[in-house]
Every structure is written in C-alpha cells, then in structure tokens.
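One structure below.
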Amino acid sequence: MISLYMEGKVDDLKEGIGFLQDDLQIRLTDQPDEAQIKISVIEAQKEDTLQVIYHAEDGSAQIAYSRRITFFRALGLLMQHLREKENEDYTACETMYFTLNGPMYDVSQGNAVINLKTVKTLLRTMAVMGLDMLMLYCEDSYQVKEEPYFGYMRGKYTEEDMRRIDDYAYALGIEVIPCIQTLAHMANTFRWDGVYGDIMEDDECMLVGEPKVYEFIRRLLIAASRPFRTKRIHIGMDEAWKLGLGKYLRLHGYTEKTVIMQEHLRKVMEIVRELGLQPMMWADMFFRAITPHGEYYVPGDFKVPESTRDAVPEDVELVYWDYYHDQQDVYAYHIDKHRALCHDPGKTIFAGGIWTWIGFGADWPITFGNSLPAVRACKEKGVREVIITVWGDRATECNILATLPGLCFYAEHGYRQDPSMEEIAKRFEFVTGAKWDDFMRFAEINYIPGTEKGKNIPYSPSKFLMYQDVLEGLFDANLDGDAVRDYYLSLTKAYEESIGRNGKYDSLMKFYYLVSGVLEIKADLGIQLRKAYLSGDHRELGLIRDEVLPELQKRVQALKEYHRDLWSETYQLFGWDIMDIRYGGIISRAETAIYRIGRYLLGDQEALAELDEPRLYYNGREGIPHYTNWYEQIYTPSTTAR
C-alpha cells in the first residue's frame, strides 16, 4: 500500500480515487508528512493529453490531465512505474488518438445481464486503462414501467440500477451511453405477440408506419435515456433482414427498403429531437438496401448513390461495425464509404469486436488479427470514436471478464501510435494482477488439431464437442478423436497450472480447467463407442458404460455447479436457466446411453440404432467446421420445439 498526498486540481477526483484505492493499492492522505509520494495535479496545456513526471530522489510527482479519464490513466501509469522501478525517474506524455474509446457489452442476446458489482469492476479497470465510454447493449434488458411484458422474466436494469452505474462511471471519467434497438432485434419482446401483435411486422421487426410503434419507441427512448447524464444514445436499427416483407408487404405492397428505412428513421428522429437526444445508429441497413445481394461490406467499385446519402439525417452519427477483415486497406476503404453516407464525415464511428461469442473460448488470434489493422486504419483516416463490441450470442458461455486483454489492447492503441503486444501484455498484468499468457490460453480451447490459427477462420469445437450427443455424434466424422483427446488432456493440465497465479481471476482459470476436462472425454467418446459397437467389443462397451460415461456425468456436474457460481458472481441470475438445461441435457443423455448400452449388453435390445447409422461429415464438409454456434444445430438433428 503506497500512501499519496495530492495537491492542486483534485477535489472532483477524490471520489474516483477512493473507488480505485484497493485496486491500485494506494491510500490517500491529507498530511504531506505521512505520504510516500507527493503529487501535484494540474490542468494539461493541450486538449486530450496527459503528462506524468516522477522524481525518484524526493518522491515527488506531477500529473497534468485534460479530462477526468486521462487523470486516472496517468495515475495508473505512475503506480505501474512505482511498482516496477521506484528508484528511477519517469516521464510519460500521451495524447488520445480516440476521444471516445470503450466497450459495448451485449446483455440481451446471450441472456447475461452483468450485475452491478461486475459493472463496477469493469468501470474501475477501464478507468486505469484510460477507456472513457461504456455501453450496455439492451434489446429488452432495461425496465420500461409502462411495458410489463418488455423483458418479462428476463434479467434487466431498473432505472435506479442505471442511475447508480452512471454515477459510479462519472466519478471515474467514463461516459455511459444507452444502446438500444428501435427497429429490429425484437424477438424476445415479440414472443408476446398477444401483447405486441399490433406493432409487429414479423417476429423480429417493428411494423414501420404504424402509429402505435412510435408511441412504443417513445417509451423506450425515455426509459433508456432518463437515468444517464449523457444526451448521446445508440438507437440500433441493424440487421432488419425481412424489412418490408412481412405484414408491411401485405398492407402496402412491395416497397424499396431504402424508402421504408427513410420513413421509419424520419419518425424516430422526430422523437429523438423532441427529447433532446444525440443519436448514433448502425450503418449496415443503408448499404443492404442498395446492394444487389443485401451485402454490407461493399465491393471495390461501389459508389454510394446521392439518394441514399440524402436519406441519412444530418444529426445522426453512423457506426461502421466490422470484426471480420484482417487488412488495413479494407477497413480504410469502408471508412471512406461510410463517410460518403454522412453529411459530416466526422460523424463516422468505428466498432470493432472482441471475439467471445462463439462458444467457451475468447478467440485472441482473430480479435487481435482483425483489430490491429482496424485501429491502424482509424488512425490513418482520422476516425476519433471507437466502440469495442462484445456480443453474447447464444448463451454467453465465455465469461465477460475474459475480455480484459481486448480492452487493454484498444486502450493502449487509444493513447499510443503502435504499441507492441509485449507492451500491451505488461500493461494488462499491472492493471489486472493476472497473467497475460494464461488469458491468451482461453483461445486454445477452440484451436484443436485440424484448425488453422492465424487464418481468420472462427472455430467453435468447445461448443459443438460440449453439446453434441454421445450416441448421435454429428461431428465425429470431422474429428481425429485420438489427437483431439490428447490435445485437451494437455490443455487441461495447462489450465490447472494457471490456478493460483491470477489473483481474483483464478475463477476463470478453474472454469476453463473444468471445461477442458469435459472436452477431453467427449473428444473421442462417440468415436470409441461406435467403434466398440460395430466390432462387437462388449468388454469395451462395458468399460464405456461403467467408467467413461459416469466420469463424464461427474465432470459435467462439477462444471455446471462451478459455472453456476461464476455466473451468479458475474451476472443477474436470469439467463442461467439456459445453461442449466444444456448441462442437464448432457448428463441426462449420458444416463440414457448408460441405460441403452446396458440393455444391449444384456440382450434386451437388439441394436443401438444411432450407432448403426453412418457418420457423415457435418453439413457435407470435411475438416473442422467453421462458426458452428447454434446449439439447436449441434445437439440433435431432430425437430425441437418451435
């Protein structure tokens, strides 16, 4: 614990400093004689800059900051130096490349609403890194008092929750911007079609032009914006795939999507302006409406029509989202195309991504491989605002705290021209107290033998191996079972060794240890089971029944119980039911396999029909399947409830 005395421009910083005392291991004193380090805090001469000067001889320091967030980054830099080289002088001068830089966490699509304790942990970590913005992407995860079915029986933030988050963030110099949907992505709400039938075009999209739609949107905008200091708001409007092709088509006949979008956006913007809000929106629908096949990422010879540009209101900022490319010139090209849509090219925002939405792993090769050329293109083109998306598609199996290396990557690139990965890793280890290499190993859960790392190909064997049925083995033909089993055996040991050296993040290490422990059994279980059955090896079948399958049940039960505790530590409890059902399904199907193998060995059952079926390549393709992220397409080919 280092005692600090601060003088100068500190009054409005003290609350935030208080929040960070435990994380930074500092104690603020008002007695200069008691302090180990005396810090003079002054206003920076230039906008969006910070400076730290430390004199080792007398333990004095100066921090010059321009914005509250730059003070907390500067304080973190000073503390890092004192931990590493206290006896050496130190100077740091930095300028913000991005004047808005921070994560957008999806708390709706993956059912995982981050609880207040974890939000505060994220905000403190962001402050020390120097990230100045947080979005919580809410489709229906916020309370709208006039709409009891909106987010019904799902996790959500109350108005008081959102106000508390904003207050905490404000003390740390972080702007919390509400992020909602005002056109599509409404499936969770529109499941209640008895309530919302009048405003539905289909099961995902609002019915453009219906007056009740805009009464509804007004209520959403008020509820989402009222708790926050900022006037900025993200109004969504992406991926309206079937816009104009549902009830709208029956009512009005076929209408160009551009016309429908323009009508809807005009009406929404009337409400936004009336409420005094400053909107941004995803840009993809403007491109999808005018490209031949509904593409977002347009070909090299594409020209934005003047009519499309005219459809974009002057007072809306467009967000170019792209986590898929690995070439700087591609990002630069698309930045130009987005700017061609804007009346003010400066109102183009970039959104990259941390790849945590394809199963249990955090895919660092793709995250860094695609984010590095993206941030370089943003600097090349002078893009000043960057959002780091963290989607939670299909159950949020990857804990959101696993994203912290990605936050550190964007933070360092936000203040430095081109930091090395070694420099980013060093900074991460100071801020979190965890080991960079151990967090990097979270990606390895998906890079089994047969995958190609560094080729920008998303794999998710951690997901399909976890959930595929032991009797049906839909993915078995694509796998070298022995090699994959040996891979997970080695990885399980590596995860086990990481427990005990990652401080408060040891819980993540144990989680991955337990996940890998299940996968090492499931890697070749179906293959070995079918091999024993077809060869008539009753002894092997008996071993699988009596030893392997019970061990699988035991490990899945241990994983479920630990994951349940980790979930409740991180998120609100709503949403865990999905994981409960999935883990329960694995255990139950193992029990059925034990029962049916037993009957077969006793002669009470003539055959095991699933094992008589040939094993075909998944979806007709050899090799490890790409982007296999849909649970309903993994665990059974049977028709499930719809």
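The values are calculated or read from the model by the stated rules, or taken from the named source; none is laboratory data. Please read these numbers as outputs of a predicted model, since none were measured by experiment. Note: ideal-geometry Cβ built from the backbone for every residue, glycine included; neighbour counts use all protein chains shown. All accessible areas refer to the heavy atoms of the entire protein, side chains included, with ligands and DNA or RNA removed. Shrake-Rupley method; radii C 1.70, N 1.55, O 1.52, S 1.80 Å.
Assorted remarks:
- Selection status of Ile290, in contact with a Pro (Cβ under 7 Å, 6 or more places away or on another chain) and either at pLDDT 95 or above or assigned to a loop (DSSP other than H, G, I, E, B) (or both): yes
- Matching residues, segment 598-631, being in a helix (DSSP H, G or I), of a type in the set (D, E, K, R) and loosely packed, with under 14 Cβ neighbours inside 10 Å: Arg599, Asp612
- Counting only residues that are small (Gly, Ala, Ser) and within 23 Å of Tyr583 (Cβ to Cβ), segment 458-497 holds 4 of them.
- The criterion of at least 2 residues that are open to solvent by 10 Å² or more (accessible area, probe 1.4 Å) and over 17 Å from Tyr149 (Cα atoms) is met, among helices (runs of 4 or more DSSP H) falling completely within segment 184-244, by 211-225.
- Exactly one residue among Tyr533, Tyr505, Tyr562, Tyr512 is of a type in the set (Phe, Trp, Tyr) and farther than 30 Å from Asp438 by Cβ, and that residue is Tyr533.
- Matching residues, segment 245-256, being part of a helix (DSSP H, G or I) and either in contact (Cβ under 8 Å) with a residue 60 or more places away in the chain or of a type outside the set (A, V, I, L, M, F, W, C) (or both): Lys247, Tyr248, Arg250, His252
- Here is the figure for segment 80-106: residues that are closer than 30 Å to Val319 by Cα and part of a helix (DSSP H, G or I) total 0.
- The set of residues in segment 526-576 that are under 30 Å from Tyr142 (Cα atoms) and open to solvent by 60 Å² or more (accessible area, probe 1.4 Å) comprises Glu561, Arg564, Asp565, Glu569, Leu573, Phe574.
- Yes/no for Gly151 being open to solvent by less than 10 Å² (accessible area, probe 1.4 Å), in a loop (DSSP other than H, G, I, E, B), among the small types (Gly, Ala, Ser) and at pLDDT 95 or above: yes
- One residue alone among Thr158, Thr121, Thr125 is closer than 23 Å to Leu566 by Cβ and open to solvent by 20 Å² or more (accessible area, probe 1.4 Å), and that residue is Thr121.
- Looking only at segment 548-579, and only at residues there that are aromatic (Phe, Trp, Tyr) and assigned to a helix (DSSP H, G or I), the one that is farthest from Ala112 (Cα to Cα): Tyr562
- Filter result (of a type in the set (A, V, I, L, M, F, W, C) and free of Cβ contacts under 8 Å to residues at least 24 places away in the same chain) within segment 58-102: Ala64
- Tally, over segment 397-420, of residues that are part of a loop (DSSP other than H, G, I, E, B) and among the aliphatic types (A, V, I, L, M): 0
- All conditions in (1) among the hydroxyl-bearing types (Ser, Thr, Tyr); (2) closer than 29 Å to Thr640 by Cβ; (3) surrounded by fewer than 19 Cβ atoms within 10 Å (Cβ to Cβ) hold for Tyr583, with the sole exception of (3).
- Arg485 in a helix (DSSP H, G or I), under 30 Å from Gly130 (Cα atoms) and open to solvent by 10 Å² or more (accessible area, probe 1.4 Å): no
- Within segment 561-590, residues that are over 18 Å from Trp630 (Cβ atoms) sit with their Cβ atoms under 6 Å from residues that are open to solvent by 30 Å² or more (accessible area, probe 1.4 Å) and of a type in the set (Gly, Ala, Ser), at 6+ positions apart or across chains, in these pairs: Leu566/Ser507.
- Test: residue in segment 23-34 that is assigned to a strand (DSSP E or B), among the β-branched types (Val, Ile, Thr) and surrounded by 12 or more Cβ atoms within 10 Å (Cβ to Cβ): yes
- Checked against the criterion of being hydroxyl-bearing (Ser, Thr, Tyr) and farther than 23 Å from Ser507 by Cβ, the candidates Tyr583, Tyr562, Tyr595, Tyr571 yield just one match: Tyr595.
Residue-by-condition table, conditions (1) of a type in the set (Lys, Arg); (2) farther than 26 Å from Ile180 by Cβ:
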| site | (1), (2) |
| --- | --- |
| Trp355 | no, no |
| Val375 | no, yes |
| Lys381 | yes, yes |
| Pro405 | no, yes |
| Tyr410 | no, no |
